[in-house]
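All remarks here apply to the structure that follows.
Nothing in this text is a laboratory measurement; each read-out follows from the coordinates by a stated rule. It should be emphasised that the depicted structure is a prediction, and the values quoted were computed from it without experimental measurement. Cβ placement follows ideal geometry from the backbone for every residue including glycine, while neighbour counts extend to all protein chains displayed.
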Amino acid sequence: MKRILVTGALGQIGSELVLKLRGIYGQNNVIASSKGNDKDGSKDVIDSGPFEIVDVLDSKQMADVVSKYSVDTIIHLAAILSAIGEGNPHLLWDVNMNGLYNVLEIARERKCAVFTPSSIAAFGPSTPKDLTPQETIQRPTTIYGVSKVAGELLCDYYYQRFGVDTRGLRFPGLISYKALPGGGTTDYAVHIYYDALKSKKFICNIKKGTKMDMMYMPDALEAIINLMETEPSRLIHRNAFNITAMSFDPEEIYKEIKKHIPEFKIVYDVDLVKQKIAESWPNSLDDKDARREWGWNPKYDLSAMTIDMLEKLKEKLNIK
Ligand code: SER
């Protein structure tokens, strides 16, 4: 990776990844792009290096940016998440599939490497729930999950058929303090920290006992960079590595936060759409192939993440 284009650069992952990549590869070698430039907290991304308006559905606009900056790697993060997708499946299909197709076509023409995230959503109710294997049944029941399985296969196809260096990870719920996630099912695990600090009360839209895989953002950023920097001959599962850092249900994260904020309370008001999605996903993934093939080794567990999240959020929200 020498000249990197990041799509969806103002989103939850992009807004942190761009700054980290600029620190490693040089400010001017990381081109941030987004459909608009008016998201909260996007100033440092826009001001710290090249920024371009790119709608991933406009392949000409994207191709022009790739050639203008001689991009050799596209990190494609622009996508619609699970809960929003269930509200508008047509839009999700358009953005997630046609956006990825445009990225892959440009990568094929200009010989770029491509990173695309997949997700725990690429699994469904018939998948083994505990220690979900790397290779297993994938019959998701959400449009988001369908787009993720199709995306994994499309990336495999572009690698096998055209030699495009495609790589990807099945991310669990990502927890971070900079930009909020945009309409996923795992978002509760971010909002719980904000509400614990702001109002000491959290209304949880996911049922007690519903376990999902999760990860703190610093580990997710390391994972993207490590995977992209791995010698290609080591990669057997190039487009869809299971990775996880922890698995918990709402009570477990609540109790962990309560250790630091004893007066914190949780009440449940379950969102049926999100609950159904959450129940269709694994309880915990088996990520040994990622560990073996490119050295995946997360640093944060629930307790370490909670200490860091509370400290960073207090600072951000200006809470004493
Ligand atoms: N965090 C995502 C979601 O909840 C899963 O990939 O939609």
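Numbers below:
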{"read-out": "Any hit, segment 186-194, residues being under 20 Å from the mean Cα position of the chain (by Cα), away from the ligand (no atom under 13 Å from the Cβ) and within 25 Å of LEU92 (Cβ to Cβ)", "value": "no"}
{"read-out": "Residues satisfying the stated conditions in segment 108-151, i.e. touching a His at 6+ places or on another chain (Cβ under 9 Å) and closer than 30 Å to MET1 by Cα", "value": "VAL114, PHE115, THR116, PRO117, GLN134, GLU135"}
{"read-out": "Residue, farthest from the ligand (Cβ to nearest atom), within segment 298-320, restricted to residues that are β-branched (Val, Ile, Thr) and loosely packed, with under 15 Cβ neighbours inside 10 Å", "value": "ILE319"}
{"read-out": "Verdict on ILE203 being β-branched (Val, Ile, Thr), more than 10 Å from the ligand (Cβ to nearest atom) and surrounded by fewer than 17 Cβ atoms within 10 Å (Cβ to Cβ)", "value": "yes"}
{"read-out": "Selection within segment 270-320 - under 18 Å from HIS191 (Cβ atoms) and among the β-branched types (Val, Ile, Thr)", "value": "VAL270, VAL273, ILE277, THR306, ILE319"}
{"read-out": "Answer residue from segment 250-297, given it is of a type outside the set (D, E, K, R), part of a loop (DSSP other than H, G, I, E, B) and within 16 Å of the ligand (Cβ to nearest atom) and is surrounded by the fewest Cβ atoms within 10 Å (Cβ to Cβ) among those", "value": "VAL270"}
{"read-out": "Checklist (1) assigned to a loop (DSSP other than H, G, I, E, B); (2) closer than 23 Å to ILE75 by Cα; (3) without any contact (Cβ under 8 Å) to a residue 60 or more places away in the chain applied to GLN138, failing item", "value": "(2)"}
{"read-out": "Helices (runs of 4 or more DSSP H) enclosed by segment 60-111 - at least 1 residues per element that are surrounded by 24 or more Cβ atoms within 10 Å (Cβ to Cβ)", "value": "82-87, 99-110"}
